[in-house]
Structures are given as structure tokens and as C-alpha cells.
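Data first, discussion second: the structure below is written as C-alpha cells.
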Amino acid sequence: MTSKEPSFSVIMTVFDNARELEANLPAFLQQDYEPGYKVIVVDETSTDDTEDVLKILKQQNDHLYTTFLPKPDPHVTRRKLALTIGVKAATGNWIILTDITTPTPSADWLKDVAGVIDDNTGIVFGYYAKKGLCLQTFESIEEGSQFIRKAERKHAFGHRGKLFRYQRGLYDFIAMPSSQAHQVLSFFEQDINSGQLCGLRLSIACRNLFIR
């Protein structure tokens, strides 16, 4: 553990996810975590009932903060821009980037993440597996950058597929010091050619198959 337990800002972006918000967001808002946390939801100008659902949940829970994506910048992808807005609203000294469609966390989720963070932790990748939550740590952002570059690359199909997610580096969330969030986002939406992608896949598979 660090000398001081981290406070968290959990950031997610949504677009037409009213149903998922009703079903899954309460679990994020009911964390048993004393040091404090905030859940930041950035609405990418949804066209369904997302706004109404968020208003109701916000009235019921002080941990929820909502904002929206303004007119998009044509040079920046909507999700990356939305996450950047979320990072600017963050108040915790650690940030978690996740998705409302991931498996809902237990009430001890933030405690579990905090439990693997110490003064030498640079980034944490979280995977929901059949046996429970699996957490993978690296001492620096650079060490974990290959996972981000592969999963968040431009024109990717996101985090699809349920088989061998850990072996393929298909994380469900990322946690990092808030001071490093912009560096993490710099690895999003990169152009990765087929040769680079094969190299990333091989490197991640070798590490996650043989190094636990």
C-alpha cells in the first residue's frame, strides 16, 4: 500500500446507454471505500433516455458527477475527447477508466484496486474473470503502454470477445495516478499497422501466458 490510501475518480463515457446505466451504475455508486471516490459519467450527447436516467441517479447519490460532450472536435475522436473532459473533472489522486457495459463490480472493488497500489505502482489493468477480479500492475505507464495501444488503437473493434481476455490483454478497466492520465490517453487512437499489431499481440500473449 501507499503511505496514504488513494482516492479515486472513476470515469466512463456513455452514448445511448440508458438501459446499462439503470442496471449497472448503482454498483459503481455503492462502493464501500472510506478514503472517498467520485464516479464521473460523460454523456456523448445521447439520443435515448440517458440524460433522464443520469438525473435521477444523481439526485439519489452524492458520488455521481455528470457532464456532457460539447460539439465534437473533428481532429479528436468522441470517446477520447469525452475521457479528456472526464479527466479534467477528476478530483481523486487516482483515476480509473472503465465502461458501463463491463461486469458490475462488487462493493469492495475499489478496496481491491487500492490493495495492489503502492508507491512503485504506475498503472493497473483490471480483468473480470470466472474466478473473480484479476489485477495486473506495472511500475510505469510505458511498461503497460503496449496493452493500451493494442486495445484502444484507431479502427479497432474495442474489447470484443470473452475468451482468453487476460492472455490477450483485453482489460476491463485501467487505473493510474491522476497526474499520468493525459499520458495514458496519448496512447489512445493511434494508427497501428498490421506488423505492429502482430508484434503487440505476440508480446502481450507471451507476457500474460508465462508471467503472472
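Please list 3J(HN,Hα) in residue order for the stretch 51-65, calculated via the Karplus relation 6.51 cos²θ - 1.76 cosθ + 1.60 where θ = phi - 60°; whole Hz, with x for glycine and proline.
4, 5, 4, 5, 4, 5, 5, 5, 5, 8, 8, 6, 7, 9, 10
If I model a spin label as a point 7 Å beyond the Cα along the Cα-Cβ vector, how far apart are those points for residue 27 and residue 112 in nm?
Label at residue 27, label at residue 112, 1.0 nm between them.
Can you compute 3J(HN,Hα) from phi for each residue in the stretch 88-99, using the Karplus curve 6.51 cos²θ - 1.76 cosθ + 1.60 with θ = phi - 60°, rounded to whole Hz and x for Gly and Pro?
Each residue of the stretch 88-99 in turn: 5, 8, 5, 10, x, 7, 10, 10, 10, 9, 9, 9 Hz.
Long-range amide H contacts for residue 173: which residues qualify at under 5 Å (H placed 1.01 Å from N, peptide plane, sequence gap of 5 or more or a different chain)?
Correct list: 126.
For the pairs 38/111; 80/111; 58/88; 55/80, note any where the Cα-Cα span goes beyond 21 Å. If you can, show how the numbers build up before the last one.
Numbers: 38/111 14 Å; 80/111 27 Å; 58/88 19 Å; 55/80 24 Å.
Listed pairs above 21 Å: 80/111; 55/80.
Can you give me the long-range amide H partners of residue 123? Hydrogens built in the peptide plane at 1.01 Å from N, cutoff under 5 Å, separation of 5 or more residues or another chain.
Amide H neighbours of residue 123, under 5 Å, 5+ apart: 138, 140.
About the Cα centre of the stretch 1-106, how large is the charge dipole given +1 on each Lys and Arg Cβ and -1 on each Asp and Glu Cβ? Please answer in debye to the nearest 20. Before the final figure, lay out each step's value.
Details: 10 positive and 15 negative charges, 92 e Å.
In debye, rounded to 20, the stretch 1-106 gives about 440.
Where a number appears in this text, it was derived from the coordinates with a stated rule and is not lab data. Model, not experiment: these values are computed from the prediction. Positions of Cβ are generated from backbone atoms using ideal geometry, with glycine treated the same way; all protein chains shown enter the neighbour counts.
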